[in-house]
Amino acid sequence: MQGVDLFITITDRSRAEQFAAWFRTHGISLVLTALGQGTATTEVLDFLGLEATEKAVLFCVAPRSPRLVRRAERELWLDVPGQGILMTVPVNSISAGAREYLLHEQEGEAVMERECTHDLIFVIANQGSTDLVMDAAREAGAAGGTVIHAKGTGTELARKFLGVSIATEREILLILTRRETKKAIMKAVTAHAGAQTPAQALVFSLPVESVAGLREPEETEN
């Protein structure tokens, strides 16, 4: 299968429709938007390039295209602090019907395999656990994250396999980090907010192939 990516974009809620419209003009018809909250402290807002706390998280699937990422960075002003972050996660497989619907016969670019330098950590925890999770993550090197509120199912399976009851009201925390700090962050979150704690957090990560809008620490020192 030619390369396909999941595009995940985090921006202020006021810009959500602008971002969705931009994707649609580039042939991406299905853009899913979730409402979220920023978790970054004042000290690291510049690092993330995000300022307001009310966020929109946009998800869409598109052919792999470094050129599209570069255009988004330029045309959506992602290189300007406070405009947002875009990242791509490789998609391993997609059904024939979904491929036709999502991609509309769009062709991806021929790109060489490259090592992913960032990871997106997903933390699924009980509602009200954001501070506990993020305190542990920051101690291990995380700069901040975005939280999405959700409802969970499968509580009986959780009781069977984890030996605990899982609350229905859940929070999904997205933490973008460099690959070298991923293990430490995941270990810290599991230790301080894992299944046997009030947060009952489940933690996993996905490789991020491309990133636009993320400011590195040295860029904030000038």
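Scanning the stretch 1-57 for residues that are modelled with pLDDT of 85 or more, surrounded by 14 or more Cβ atoms within 10 Å (Cβ to Cβ) and polar (S, T, N, Q), we see that the one that is nearest to the chain's Cα centre (by Cα) is THR9.
Scanning the stretch 8-32 for residues that are farther than 15 Å from LEU86 by Cβ and touching an Asp or Glu at 6+ places or on another chain (Cβ under 8 Å) returns a single hit, ARG13. Between ALA110, ALA98, ALA191, the distinction of being modelled with pLDDT of 95 or more and surrounded by fewer than 20 Cβ atoms within 10 Å (Cβ to Cβ) belongs to ALA191 only. Do we have ALA158 as aliphatic (A, V, I, L, M), farther than 19 Å from GLU115 by Cα and at pLDDT 95 or above here? Against the criterion (aliphatic (A, V, I, L, M), farther than 19 Å from GLU115 by Cα and at pLDDT 95 or above), ALA158 does not qualify.
The values are calculated or read from the model by the stated rules, or taken from the named source; none is laboratory data. Keep in mind it's a predicted model, so treat the numbers as computed, not measured. When we count neighbours, we look across all protein chains shown, and the Cβ atoms used for this are built from the backbone with ideal geometry, even at glycine.
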